[in-house]
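Below: one structure, written as structure tokens.
The values are calculated or read from the model by the stated rules, or taken from the named source; none is laboratory data. These numbers come from a predicted model, not from an experiment. Note that we place each Cβ from the backbone using ideal geometry, even for glycine, and neighbour counts take in every protein chain shown.
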Amino acid sequence: MTRVTFYLLTSRDERARQHFACRLARKAHALGQRVHIRTTDPETTATMDRLLWTFDDTAFLPHGTDVEDPESPITLHDTASPRDHCNVLINLAADVPEYFGRFERIADLVDGSEVSRNLGRERYRFFKDRGYPLEHHEIDA
């Protein structure tokens, strides 16, 4: 069954949430897992695409926006789901994607703003009502 972890960031800064998504993707990639990052819109996809190249001065994360590419260890997109198996979904969007059940693990990132917290609570209830195992971690970012 899919495991769901909510990461509650104290920062209200969207950039901090995006950087944290990069760190999670780096960790999962280092463990040999395939990752899909669901963004909110095409602009955020482009921002994350650039950020995955530059967030760490000593490394970059191999990735792509073509969800059809089976060679890409990290994909990102605002609407499309990856064609092939991915282990981890990092959700930056406000809702739960319909394809969430295809992943072994979901990392749902919630920033410190009231709007983000309320939307995060709705997603939490969605998973809880369906019996998914839930965790949450407070993150100082």
Return the residue satisfying two criteria in turn: it lies in region 21-62 and is among the polar types (S, T, N, Q) and in contact with a His (Cβ under 8 Å, 6 or more places away or on another chain), and of such residues it is farthest from I106 (Cα to Cα). T45
Quick check on G112: is it part of a helix (DSSP H, G or I) and not polar (S, T, N, Q)? no
Exactly one of F60, F103 is more than 12 Å from the chain's Cα centre (by Cα) and either at pLDDT 95 or above or of a type in the set (A, V, I, L, M, F, W, C) (or both), and that residue is F60
Only one of V88, V110 is more than 18 Å from T2 (Cα to Cα) and either at pLDDT 95 or above or among the aromatic types (F, W, Y) (or both), namely V110
Number of positions in region 35-71 that are crowded, with 16+ Cβ neighbours inside 10 Å, of a type in the set (A, V, I, L, M), out of contact with any Phe, Trp or Tyr (no Cβ under 9 Å at 6 or more places or on another chain) and not in a strand (DSSP E or B): 3
Step by step: first the residues of region 65-81, then only those that are touching a strand residue (DSSP E or B) at 6+ places or on another chain (Cβ under 6 Å) and not hydroxyl-bearing (S, T, Y), then the one that is nearest to A30 (Cα to Cα). Which residue is that? I74
